[in-house]
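Take a look at the structure below.
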Amino acid sequence: MSLQDDFIRYETRRQFFSRGKNVLGWSALASLLGESMTDKLLAAGAPGVQKPLFPHFAPKAKQVIYLHMVGGPSQMDLWDHKPVMNDWYDKDLPESVRSGQRLTTMTSGQTRFPIAPSKFKFSQVGSNGLWMNSELMPYQSKIVDDMCLIRSMHTEAINHEPAIAAMQTGSQVGGRPCIGSWLSYGLGALNSDLPAFVVLVAEPTNREQMQAISSRLWSAGFLPGEHSGVSFRSSGDPILFINNPPGVSGDLRRRQLNGLKALNEMNYKLVGDTETHTRIQQFEMAFRMQSSVPELTQISAEPDSTYALYGEEAKKPGSFAYSALLARRLVERGVRFVQIYHNNWDHHGNCGGRMPFQCKDTDQPIHGLITDLKNRGMFDDTLIIWGGEFGRTIYSQGGLSRDNYGRDHHPRCFSMWMAGGGAKGGTVWGETDEFSYNIVKDPVHIHDFHATVMEMLGIDHERFTYKFQGLDFKLTGVEPSKVIRELIS
């Protein structure tokens with residue numbers, strides 16, 4: 001925002017009343033007569049009645065639950081069936097397929113790149129006969145008709161930190177706002193007593209090869225700080241200091257915050273730093289959360305039917321099942337964007353031994369989440385996203401046997417899916433070669449994916465910009481990107 005915009009936004013009460021004149025009257029009338037009359041007042045050019053910038057058009061979804069599998073799930077072991085690879089077992093990946101692709105330091109020293117076909121059982125499920133790993137994901141196999149599966153995702157990043165940053169912020173360079181912050185900034189909150197953007201870091205059962213998950217992944221970057229994600233802890237109080245210390249009553253806390261607000265307002269008048277108002281708003285949000293968060297996290301009040309859906313692990317704080325259930329409770333109460341991270345999908349070794357743990361952690365809870373949202377009439381306006389930061393190689397890293405193998409990072413193609421919120425269920429988009437190494441049909445870059453998600457939320461990604469350091473930044477970057485309309489119902 002410009003300095004002039006800041007000045008108008010934070011003008012004094014006396015200035016507001018002297019400048020506003022009939023603003024309050026028009027606003028009160030609009031609120032009494034309802035939304036349709038507000039549109040008429042807007043058309044008539046009533047003073048002080050301004051049309052919100054976002055959404056640009058009618059949205060399909062109003063909320064998002066993003067399930068990020070940290071480490072890069074192996075697409076050919078889950079969603080991208082390649083039965084021909086059984087005939088290629090322990091044969092070298094042809095150079096014509098690899099085409100000189102740069103390698104990570106984990107496999108760049110290998111003298112061979114032997115093919116490792118998936119050891120898991122695939123079958124056709126759903127009304128369209130979608131091939132998937134039904135052995136490890138029996139619950140999700142029941143809901144594939146709700147999913148829009150993309151098999152042709154691709155990115156430029158080949159290592160975790162830049163790849164996760166690109167997937168979450170649209171850029172491999174740090175310091176950019178993540179998608180949750182962009183949507184918080186553009187669409188605002190649906191509940192004034194809870195943050196618009198909440199982050200949950202689930203603890204996997206198997207912890208063999210964990211990746212770092214840093215708070216920069218839910219940073220607001222150059223956007224106002226109030227749009228950063230609020231991370232809920234997996235044990236103890238969901239948020240530090242959510243409860244007042246002994247001897248401090250709610251009234252006393254209120255008086256303390258009033259005093260802090262007065263001091264911060266004085267500081268703003270002297271310095272003019274807009275982050276001062278961000279701090280005021282964060283203090284106020286924290287105060288309101290002291291009453292809303294404890295009720296939110298009391299999942300023990302859920303009926304037995306809920307745990308039959310999500311599984312008994314949902315009773316264990318910090319588990320993926322618990323996080324999925326909490327995500328439903330969050331969107332039910334108006335949280336705009338919920339991000340769940342689930343670690344240990346980085347299968348450089350022991351893929352055959354670790355993949356069953358990862359799928360067991362997530363399979364039933366994902367089915368339970370989608371079913372629960374349907375039962376509550378929330379599925380159609382809640383977009384669920386599942387995916388990682390890149391895919392895995394068909395060739396083995398390290399030792400190879402029929403039952404076990406490792407897989408290196410692979411940015412050229414990977415799989416993701418969406419469900420609900422306007423995603424076109426029962427769709428399979430994109431195609432890879434028989435090695436699941438190169439895309440042969442309908443590629444989807446991560447910027448195209450972000451553009452499509454924003455389209456579902458009623459936002460034109462080309463028009464959604466924020467000026468910073470003299471540049472108009474946007475989530476989808478400066479290179480051409482497009483909405484994949486075939487993915488939208």
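The values are calculated or read from the model by the stated rules, or taken from the named source; none is laboratory data. These figures come from a predicted structure and were not determined experimentally. Backbone-built Cβ (ideal geometry, glycine too); neighbour counts: all protein chains shown.
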The range 177-188, residues that are assigned to a loop (DSSP other than H, G, I, E, B) and either at pLDDT 95 or above or in contact with a Lys or Arg (Cβ under 6 Å, 6 or more places away or on another chain) (or both)
PRO177, CYS178
Just to check your reading of the model, which residue among HIS81, HIS68, HIS56 is under 30 Å from ALA451 (Cβ atoms), modelled with pLDDT under 95 and not small (Gly, Ala, Ser)?
HIS56
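Could we say that SER214 is out of contact with any His (no Cβ under 9 Å at 6 or more places or on another chain), modelled with pLDDT under 95 and small (Gly, Ala, Ser) here?
Yes.
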Residue among ILE370, ILE385, ILE366 that is farther than 18 Å from ALA308 by Cβ and of a type in the set (A, V, I, L, M)
ILE385
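What do you reckon, is GLY470 of a type in the set (Gly, Ala, Ser), out of contact with any Cys (no Cβ under 6 Å at 6 or more places or on another chain) and buried (at least 16 other Cβ atoms within 10 Å of the Cβ)?
no
If we scan the range 326-337, do we find a residue that is assigned to a strand (DSSP E or B), at pLDDT 95 or above and either of a type in the set (Gly, Ala, Ser) or buried (at least 23 other Cβ atoms within 10 Å of the Cβ) (or both)?
Of all residues in the range 326-337, those assigned to a strand (DSSP E or B) come to 337.
Next, from what is left, pick out any that are at pLDDT 95 or above: 337.
Narrowing the set further to residues that are either of a type in the set (Gly, Ala, Ser) or buried (at least 23 other Cβ atoms within 10 Å of the Cβ) (or both) leaves 337.
The answer is yes; a qualifying residue exists.
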Flag for SER305 being of a type in the set (Gly, Ala, Ser), at pLDDT below 95 and over 16 Å from GLY420 (Cβ atoms)
no
Looking at this structure, is ARG207 among the basic types (Lys, Arg) and modelled with pLDDT of 95 or more?
no
Of everything in the range 367-396, what is crowded, with 24+ Cβ neighbours inside 10 Å and outside any strand (DSSP E or B)? Give them in sequence order.
LEU369, ILE370, LEU373, GLY388, GLU389, PHE390
Applying the selection to the range 428-466, what residues are among the hydroxyl-bearing types (Ser, Thr, Tyr) and more than 18 Å from HIS409 (Cβ to Cβ)?
THR452, THR465, TYR466
Pick from the range 189-211, criterion part of a loop (DSSP other than H, G, I, E, B) and in contact with a Leu (Cβ under 8 Å, 6 or more places away or on another chain), ranking: nearest to LYS316 (Cα to Cα):
LEU194
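Out of ASP448, ASP433, ASP408, which single residue is surrounded by fewer than 20 Cβ atoms within 10 Å (Cβ to Cβ) and not aliphatic (A, V, I, L, M)?
Result: ASP433 is the single residue among ASP448, ASP433, ASP408 that is surrounded by fewer than 20 Cβ atoms within 10 Å (Cβ to Cβ) and not aliphatic (A, V, I, L, M).
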Can you run down the residue pairs with Cβ atoms below 7 Å, 6 or more apart or on separate chains, where the first is in the range 255-270 and touching a residue at least 12 places away in the same chain (Cβ under 8 Å) and the partner is assigned to a helix (DSSP H, G or I) and aliphatic (A, V, I, L, M)?
LYS261/ILE280; ASN264/ILE280
Go through the range 212-240 and give me each residue that's assigned to a loop (DSSP other than H, G, I, E, B), within 15 Å of the chain's Cα centre (by Cα) and in contact (Cβ under 8 Å) with a residue 40 or more places away in the chain.
ILE213, SER219, ALA220, SER228, GLY229
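Specify the residue that is nearest to the chain's Cα centre (by Cα); the eligible residues are those in the range 433-489 that are among the hydroxyl-bearing types (Ser, Thr, Tyr) and over 27 Å from LEU223 (Cα atoms).
Only one residue fits best here, namely SER489.
Go through SER118, SER123, SER74 for me and flag whichever is free of Cβ contacts under 8 Å to residues at least 24 places away in the same chain, over 19 Å from ILE384 (Cα atoms), small (Gly, Ala, Ser) and in the same structural domain as LYS360 (by TED's automatic domain parsing).
SER123
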Picked from the range 461-483 (must be touching a residue at least 12 places away in the same chain (Cβ under 8 Å) and touching a strand residue (DSSP E or B) at 6+ places or on another chain (Cβ under 6 Å)), the residue farthest from GLY186 (Cα to Cα) is PHE473
Quick one: is ARG288 under 21 Å from LEU183 (Cα atoms) and in contact (Cβ under 8 Å) with a residue 24 or more places away in the chain?
no
